[in-house]
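For reference, the structure discussed in these notes is given below.
Just so you know, all these numbers are worked out from the coordinates, no wet-lab data involved. Given the structure is predicted, the values throughout are model-derived calculations rather than measurements. Don't worry about glycine lacking a Cβ; one is built from the backbone with ideal geometry, like all the others, and counts go over all protein chains shown.
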């Protein structure tokens with residue numbers, strides 16, 4: 001499988017950020033979607049744990065830093081346009097800050 | 001399970017758009033990520049097939065309109081912040097315009 005580097009990511013489309021889909025590596029459930037800039041991705045790669053960029057707080061954010069619900073990142077996938085990532089993770093505890101396993105608990109319509 | 005309506009979606013954070021994660025309903029593979037505005041979601045609900053908003057062409061876009069690789073949408077999930085959707089779909093043919101099943105064929109690093 002082709003491997004790409006952080007330099008290949010297209011950060012231009014969304015003001016330096018890319019969406020990151022976080023998927024449970026075993027169940028394949030989608031746990032959450034967050035945003036990452038270059039620094040967040042570098043920290044994820046360096047530490048092996050999911051880091052993001054908080055758009056509301058405008059700062060680097062390690063998932064689970066306070067709650068302990070960290071995400072061990074086993075694999076990072078990148079899409080054909082190089083502007084979206086998937087983190088395949090082992091989730092400790094719940095992914096959602098509302099104390100549910102995933103952030104997608106409700107149906108539309 | 002709680003049901004939300006289109007009026008509950010927070011379109012403000014990203015200039016009238018929300019990211020839509022498209023997931024295969026059977027395999028749970030993540031096929032692609034696209035963006036939708038209110039109109040695209042209304043068309044998805046009305047027709048039962050995945051519609052998006054093309055950011056590059058600035059127009060409504062029915063997935064597979066030209067290629068035939070349409071997406072029958074079985075369920076739409078919404079996240080805790082009401083700013084991200086999942087379309088659970090039956091994908092006809094390949095999801096990626098590069099003729100692969102999913103858009104996420106490559107690893108980062």
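Screening residue A:14 with (1) at positive phi; (2) touching a strand residue (DSSP E or B) at 6+ places or on another chain (Cβ under 8 Å) gives one miss only, at (1). Every condition in (1) farther than 30 Å from residue B:2 by Cα; (2) loosely packed, with under 15 Cβ neighbours inside 10 Å; (3) at the interface with chain B (Cβ under 9 Å from one of its Cβ atoms) holds for residue A:12 except the one numbered (3).
Let's see how each residue does on (1) away from every other protein chain (no Cβ under 14 Å); (2) within 13 Å of the chain's Cα centre (by Cα); (3) closer than 22 Å to residue A:82 by Cβ:
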{"site": "B:65", "(1), (2), (3)": "yes, no, no"}
{"site": "B:73", "(1), (2), (3)": "no, yes, no"}
{"site": "B:80", "(1), (2), (3)": "no, no, no"}
{"site": "B:84", "(1), (2), (3)": "no, yes, yes"}
{"site": "B:101", "(1), (2), (3)": "no, no, yes"}
{"site": "B:106", "(1), (2), (3)": "no, no, yes"}
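Does the range A:24-46 contain at least one residue that is away from every other protein chain (no Cβ under 12 Å), free of Cβ contacts under 8 Å to residues at least 12 places away in the same chain and either farther than 21 Å from residue B:31 by Cα or under 12 Å from the mean Cα position of the chain (by Cα) (or both)? The answer is no; no qualifying residue exists. Of the residues in the range B:42-57, none is under 28 Å from residue A:42 (Cα atoms) and buried (at least 21 other Cβ atoms within 10 Å of the Cβ). Just to be sure, is residue A:3 farther than 18 Å from residue B:33 by Cα, free of Cβ contacts under 8 Å to residues at least 12 places away in the same chain and at the interface with chain B (Cβ under 10 Å from one of its Cβ atoms)? Yes: the conditions hold for residue A:3. When the range A:19-63 is filtered for residues that are in a strand (DSSP E or B) and more than 12 Å from residue A:87 (Cα to Cα), the ones remaining, listed by number, are A:53, A:54, A:59, A:60, A:61, A:62. Determine whether the range A:93-103 contains at least one residue that is surrounded by fewer than 15 Cβ atoms within 10 Å (Cβ to Cβ) and not in a loop (DSSP other than H, G, I, E, B). No - not one qualifying residue is present in the range A:93-103.
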